[in-house]
Amino acid sequence: MNPATPTGIAVLLAGVNSALLAVLAAVWLRNYREFGSTLLLGLLGFSAVLLVENLVSVAFFFSSMRTLYAMDPLVGRVVLAMSVLELLAVSLLTYVTLK
């Protein structure tokens, strides 16, 4: 896979999203253990679901390069745009959580 393609960049962003989500999950788990709030439990579940989604998408990109993602440039650009939006959202959430 060429990392300069939209699909390659989307894979890299999914890795960054996964790292940020792991940080969020660790913080929220620590806070849940300390405070026991159901809101924190919900945030922990939210981060776990998004983390699984990102890890599955990375695995999918590497194992199925003959799929629609790799074959259609438009789909690659759409996936990249969605990854950028997710990165923005997760980055903002990480920023306010760690602040």
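Of all residues in region 1-14, how many are part of a helix (DSSP H, G or I) and either modelled with pLDDT of 95 or more or among the hydrophobic types (A, V, I, L, M, F, W, C) (or both)?
6
Which one of 21, 74, 55 is assigned to a helix (DSSP H, G or I) and either charged (D, E, K, R) or modelled with pLDDT of 95 or more (or both)?
21
Please find, among 24, 29, 13, 50, the residue that is under 19 Å from residue 75 (Cβ atoms) and in contact with a Leu (Cβ under 7 Å, 6 or more places away or on another chain).
13
The values are calculated or read from the model by the stated rules, or taken from the named source; none is laboratory data. Just so we're clear, the structure is a prediction, and the values are computed from it rather than from any experiment. Here Cβ is always computed from backbone atoms with ideal geometry, including for glycine, and neighbour counts include all displayed protein chains.
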